[in-house]
Structures are given as structure tokens and as C-alpha cells.
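Shown next, in C-alpha cells, is the structure this report addresses.
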Amino acid sequence: MDLYLPDLSTINVYLNEFPSRISLALIIAFFSLLLLFVFYAFLAFKRLQFVFFQARDKYWSKLISDTLTDFLAYADGMPAEDPISYILSEFEKIPLKRPYIKEMLYQQLIDFHNSFTGNSAEKLRKLFLKLGLDQLTEKKLHAPKEGVKIKGIIETAQMELHRFIPIITKLIHSQSAEVRIEAQATYLLLNKQHSFHFLEQVKEPILDWHQLVLMELTGHIPTKELPDFSVWLNSKNNSVVIFCLRLIGHYQQFQAVPKLIDLLKHPDPAIQQLSVKVLGEFEAAEAEKHLLDLYATGSVDIRAEVIRALGRICSGNQLDFLLKEAMSEEFDIIYHSLNALRNHGEPGLSIIKGYYPEAHKTNKEIIEHVFDTVKQN
Amino acid sequence: MNNQPKILIIEDDELVRKVLHFRLQKEGYDVFQAKDGGEALELIAENHFDLLLVDIMLPYVGGLEITQKVKSNPQTKGIPIIVVSANGLENVILEAFALGADDFIAKPFNLPELIIRVKKHLKNIAA
């Protein structure tokens, strides 16, 4: 059989009948049409492929969700192993060796697990482990792409995969802030016995928004199970010290007062200031002398914080000092001193009333702003 | 005639809706589903339900609006409503109670707890 091949000489002869520009235009038009055809053929192929995959995914997704629904509906009230043995035989009908089906099951199981608590969630978790789906999580934890790694960390927490704690512990030191916070949060959630031991190891700073997230997670731990956060107040990582100061203040760990007093000598002014704040909130009268020592050398912010703390402690021993500071020229110092005097009740108010007539015009305005009653009397 | 109590699940999450439907059906109830508030109100107008399970966060017509509409209608105000909400939405839950909701259950669900609450409310109606 002869193969028909295009006779280029004939085409040549045909084209030569036209001026060269027309011939060129015809050739360009021909190839453009050819390209257009190839493009549309490609689009049609991609569209068909999409429709096929969509139908395939819909079929397997429904089968998987029906099987999981069946499992959940019958799992309640049954002993731990029975429902899983029953459901494993159902999963043999699903070709889990195909990666896209395994990924579909993986995602659905996690979604189901996140929607339920108690017995149902625990059975889903056991099923997850029995099907070996934690291997997918492990792959994600070792993935080079940060987004995938973060997803793996989150899923480790969601499915309570304790065997990955060593991997999570390494990720606590990640250079990436996003990976670090997720790893620290997961460590806190999984490591029930020693939730905060990562504070001993973390070298990178715990950013303020990290601290917010961790504090929110800490709220899920019963207060009596929380550790004494003052054990980390001598950390070389200043952000750890600040984080622990916030926790000590929030959970009112009064036993930390002696260490807070020691922190008044810390080289970092932010730590000094936060220690002053917490001592004030604790109304730690034994800290007054040390607060005044700090006042002598502190910045305006620290001095204002000391005065606020004295206003909370209200021992009555610092009234003269507060009056003297109310006569200063710095607005913040004047304002906080007057508030601190007011907090002392009648003794403080009578001092302000005595001072008011001799006060500077600016100071008078501040007093009037803060103490309407003084002006009225 | 079907004498099983009729329950309407109003929940936009398909997986959760499916599991609740299956589970409640296994308990012997006649279960209906609605994926949003609009569909729910249509079903409530066409059927008499013995209990409503309402997710607060719904598209289009929210759970609070459904609660308010059901409880302000003399024909439906006697239907017990269990609102479903994620933890942390205390203000919204209080508002639901103020509008007449009868009970609340938190997400993620504890299925046995949900079943007990449903049974309790249906028993109260029967009594």
C-alpha cells in the first residue's frame, strides 16, 4: 500500500502563482490555523480529562464518606476493636493503593474527626492509625515545602499523633516563624505531661502573636495542671521570659514574686517594665522598696509603670513620694501619680485637695480632668 | 401513617449533616435535612416537625433568624430548637436563648450527648 505524502513540489508550484507576499501570508495563515486547531484540541482534551477526574473523584468521595458515615453511625456503644475490624473489611473494597484515593480518605477522615468529640473522635483516630494514614502525615512533616510541612504539623495536632513528638520537637527551632509557631502549638497540645518543656529548648524569639496563640491554647489546659512558669524566668531567651511573665500575671502565680523582684535588675527594660506591671497586679507590698530603687534609674515608661504599681499596691507608705512626682514636668508621671493618689482613697484625695491651689496651671488642668470631684469641692 | 418523631437538621456542612441524619435515623426518627436557612424555612412551612437542630452559622438566613421566625409563629413556637455552635460564641448562644431556643450543643459534636438531648426534648413534648 502506498502512503500518501503531501507533494511539496505541487504546493510550491501553486504558491509560485502568487506574489511572494501573498505566498508568505498564505503560509502564515495555514500555520496559524494549524496552531489554533492544536490549541482547541488541547483544550477539548483537558476539558474531557477534567470531567473524567471530577466524575471519578465524586464516585470515590461518596463511597468513602458513606463508609465513614456507616462506621460512625454504628460505632457508638461498641467495644473499641469491634467497629474497626468491621470497617476494615469495608475498606478493602476501596483501592487505597491509588494515591489520590488514599489522599481523599485521609482528608475526609480528618474532617470527620474534627467534627466530633468523645468516643466517635477516638474511634476515627484509631481507624486513621489502623489504615496507616499517619504515614502520609509523616511525609508532610518532612516535606521541603513550608506550606505542606505546616499542614502536616496541624494534622499531627488534630489527629493526636504522639509518635511524631520527636519530629515536632525539632521543628520548634525552625528558621521559619510560621513553622515554629505551629510546632510549638502542637507540642503544647500533644505533650500533656510536659506541655511547656519546649520553652527550655526554644532559641528563636517567640513573637508577640505567637504568644497570643499559645496563651489561647493554654486556656484549654485546666489551671491546676499548669506548671510553675517562674522556672523559665532565668531563660537566656528574653521572649521566653516575657511570655512566662505574662502567663504568671494571667494565672496569678503569686509564688513567683521573689523571682519577679529579681527581674527588676534584668538588663532588658521590657522585662523590667513587665515585672513591675505584674508586681503591681499582685499588689506585692514587699516589692515597694525595690520598685523605688528601679524608679531612680529607669526610663519614663518604667517610672510611669512603677507609679501605676504603687497605685495598685496602695500601702499608704508612698503618699509623699507620689505627691512629689505629681509636681513633676512629665505628663505621664503627673497623670499616673495623681491616679495612684486617687486609688489610696480619702488620704490620697485630701493630699490632692491640699496641693490643688498651689499647682501649676497645666497640673491643675490634669487634676481637673482626672478628679472632677476635687474641682466641685 | 408514619408516627416517628420528625426532626429537621439545618446544617451547611455536608459531612456533619450526613452523619447526624444517619445516626438519628438509626434511633428511629424521621429525619429531614436542610443545607441553608432558606431551604429550612420552606421545609418548616410544608411539614410539622417535632424538633429542630439548627446550626447558628448558616449561609443566607442564619440560625438566629430561623429561631426567631419559628418561635414567633403561633403554629411553630412549640417546636423545641437545639442550637449548634462552635465553642467561643457565647454572646450568640445567649442571643439564641433570648429568642426562644430550648437547648444548645457545642461543636465538635459529642454524638451520644446529642442523642440524649434530642430524646429528652422529644420526651418533654410527649409528656
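Which helices (runs of 4 or more DSSP H) sit wholly inside segment A:297-358 and have at least 3 residues that are free of Cβ contacts under 8 Å to residues at least 60 places away in the same chain, aliphatic (A, V, I, L, M) and in contact with a Gly (Cβ under 8 Å, 6 or more places away or on another chain)? Can you show your working first?
Numbers: elements: A:300-313, A:319-326, A:331-343, A:346-355.
It comes to A:300-313.
One line per residue, one yes/no per condition, for (1) crowded, with 18+ Cβ neighbours inside 10 Å; (2) of a type in the set (S, T, Y); (3) in contact with a Lys or Arg (Cβ under 9 Å, 6 or more places away or on another chain):
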| site | (1), (2), (3) |
| --- | --- |
| A:T297 | no, yes, no |
| A:G311 | yes, no, yes |
| A:S315 | no, yes, no |
| A:Q318 | yes, no, no |
| A:A326 | yes, no, no |
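Any residue in segment A:149-167 that is closer than 21 Å to A:N238 by Cβ, surrounded by 14 or more Cβ atoms within 10 Å (Cβ to Cβ) and among the polar types (S, T, N, Q)?
No, the conditions are met nowhere in segment A:149-167.
Would you pick out the residues in segment B:95-127 that are in contact (Cβ under 8 Å) with a residue 60 or more places away in the chain and surrounded by fewer than 13 Cβ atoms within 10 Å (Cβ to Cβ)?
Answer for segment B:95-127, where residues must be in contact (Cβ under 8 Å) with a residue 60 or more places away in the chain and surrounded by fewer than 13 Cβ atoms within 10 Å (Cβ to Cβ): just B:I125.
Condition first: within 14 Å of chain B (Cβ to nearest Cβ) and out of contact with any helix residue (DSSP H, G or I) (no Cβ under 9 Å at 6 or more places or on another chain). Can you find one or more residues in segment A:142-150 that meet it?
no
Name the pairs whose Cβ atoms lie under 6 Å apart, with the first residue in segment A:109-129 and under 17 Å from B:I115 (Cβ atoms) and at the interface with chain B (Cβ under 7 Å from one of its Cβ atoms), the second surrounded by fewer than 22 Cβ atoms within 10 Å (Cβ to Cβ) and of a type in the set (S, T, N, Q), and 6 or more positions between them or separate chains?
A:T117/B:N110; A:G118/B:N110
Can you tell me which residue within segment B:13-30, out of those that are without any contact (Cβ under 8 Å) to a residue 60 or more places away in the chain and away from chain A (no Cβ under 12 Å), is surrounded by the fewest Cβ atoms within 10 Å (Cβ to Cβ)?
It comes out as B:G28.
Picking from A:L96, A:L133, A:L88, which residue would you name as being crowded, with 19+ Cβ neighbours inside 10 Å, over 21 Å from the mean Cα position of the chain (by Cα), closer than 27 Å to B:R17 by Cα and away from chain B (no Cβ under 14 Å)?
A:L133
What do you reckon, is A:F71 farther than 30 Å from B:P112 by Cβ and either at pLDDT 85 or above or within 14 Å of chain B (Cβ to nearest Cβ) (or both)? Give the derivation first.
Values: farther than 30 Å from B:P112 by Cβ: no; either at pLDDT 85 or above or within 14 Å of chain B (Cβ to nearest Cβ) (or both): yes.
No.
The values are calculated or read from the model by the stated rules, or taken from the named source; none is laboratory data. Remember, it's a predicted structure, so these values are computed and weren't measured experimentally. All Cβ positions, even for glycine, are placed from backbone atoms using ideal geometry, and neighbour counts span all protein chains on display.
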